[in-house]
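The values are calculated or read from the model by the stated rules, or taken from the named source; none is laboratory data. If you're wondering where the values come from, they're calculated on a predicted model, not measured in any experiment. When we count neighbours, we look across all protein chains shown, and the Cβ atoms used for this are built from the backbone with ideal geometry, even at glycine. All accessible areas refer to the heavy atoms of the entire protein, side chains included, with ligands and DNA or RNA removed. Shrake-Rupley method; radii C 1.70, N 1.55, O 1.52, S 1.80 Å.
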Amino acid sequence: MLPPDGHVHTEWSWDAAAGSMERSCARAVELGLPSIAFTEHADFTGWLIAPGVRARMRQKNAARIGPGNSFRPPPLDAAAYLACVQRCRDLFPGLRILSGAELGEPHWHEAQVKALLNAGSFDRVLGSVHSLEFDGTRLVDLLFDQAQPADLIRAYLAEALRLVESTAPFAVLAHIDYPLRHWPKEAGRFDPAVFEDEYRTVLAALARSGRALEVNATVPLPPVIVRWWYESGGADLVFGSDAHEPSAVARRFADLAAAAEAAGFRPGRHPHDFWRRNPGAGRSRPRPRPGPPPSFT
Ligand SMILES: [Zn+2]
Ligand SMILES: [Zn+2]
């Protein structure tokens, strides 16, 4: 059985034009998933955007574009979204459906986060970094034009550390590898070992905070980072497709589950639980350092 999908977007996320909660549930049932979490975007950060991006965004989000090339993502309609979750629970009684939200930079927006989470019941809350302060607040996706890739990775992990060390109310750190989605080909193959100290610092803080790490399927997350999570004392692991359309639900999950098992994690007691660290998995394994960097695809 595939692990639960803990990170799915539907028509209730502002950037998921092809999303559908009902068809994502149907896909989950078809795949035999024990559970699915609809973690819709709650982005409170406004971004500076380049003129070309502004033109593309204007087509669908004209009202959100302000003066000076600023863009403010639309809010999540919590009441309507939660009503849709309830409708899907009625339609798919055999599937465990979790409500949720993916909070963008929740450590920057304490009051707004609190207001959202008080507006209803959210079973699964993800914490994400999508933006960095970089000559203004910018979406990480658009920053590779303006900064050295290695500097961006380090800036991203520094912000992820501030998020993890904050008291923001989230249970899972989403996509620690988010900037790799835009890693430029000209920079060569991405090697996590170059940033091992920075990754380990975030992972150790995450473990201390008692929160879980997400294995995001988009890049996908390099398996060595899951191993570092194990070695940092990380207890819980969650798989997330980050699907923005039904066909992407649980994408790559068989491979990701096999890699997570090799890194020292195993399914929880119930099929819908977080995966847990396997206490015996670390003993016979050599630590990955010193030695040549492993391969990451
Ligand atoms: Zn995200
Ligand atoms: Zn997402």
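Charge dipole (Cα centre; +1 on Lys/Arg Cβ, -1 on Asp/Glu Cβ; no other charges) of the chain amounts to roughly 500 debye.
Note that the chain presents 45 Å² accessible area per residue, ligands and nucleic acids not counted, probe 1.4 Å.
For the chain, the relative contact order works out to 20 percent when only alpha carbon pairs closer than 8 Å and six or more residues apart are counted. For region 113-241, the fraction of C-alpha pairs more than 26 angstrom apart is 20%. Taking Cβ atoms as reference points and 11 Å as the exclusive limit, the residues near D273 contribute a net charge of +3, counting Lys and Arg as +1 and Asp and Glu as -1.
Peptides 99-111, 36-48 ranked from most to least packed by the mean count of surrounding Cβ atoms within 10 Å: 36-48, 99-111. Here the gap between M1 and E22, fully extended at 0.36 nm per residue and compared with their Cα-Cα distance, gives a gain of 5.4 nm. Computed about its Cα centre, the charge dipole of region 127-281 is approximately 580 debye, with only Lys, Arg, Asp and Glu carrying charge at their Cβ. Ranking of M21, M1 by solvent-accessible surface, largest first: M1, M21 (1.4 Å probe, protein heavy atoms only, all chains present). For the chain, report the % of Cα-Cα distances exceeding 31 Å. Percent of Cα pairs beyond 31 Å in the chain: 27.
Each of D135 and N278 was given a label point 7 Å from its Cα along the Cα-to-Cβ line. The distance between the two points is 4.8 nm. Modelled this way, with points 7 Å down the Cα-to-C-beta line, the labels at R208 and Q148 are 2.8 nm from one another. Of the residues W183, W275, ranked by 1.4 Å probe accessible area with the largest first, the sequence reads W183, W275. Look at where the Cα atoms of region 23-46 and of region 102-140 average out, and the two centres are 18 Å apart.
Based on Cα contacts under 8 Å between residues 6+ apart, region 113-190 shows a relative contact order of 39 percent. The length gained by stretching the chain between E165 and A187 to full extension, at 0.36 nm per residue less their Cα-Cα distance, is 4.9 nm.
Treating each Cα of region 99-160 as one equal point scatterer and applying the Debye formula with no solvent, the log10 of I(q)/I(0) at q = 0.16, 0.21, 0.28 Å⁻¹ comes out as -0.59, -0.83, -1.16. For region 64-208, with the dipole built from +1 on Lys and Arg beta-carbon atoms and -1 on Asp and Glu ones, taken about the Cα centre, which of A160, Q146, A187 lies farthest toward the positive end? Positive-most Cα among the choices belongs to A160.
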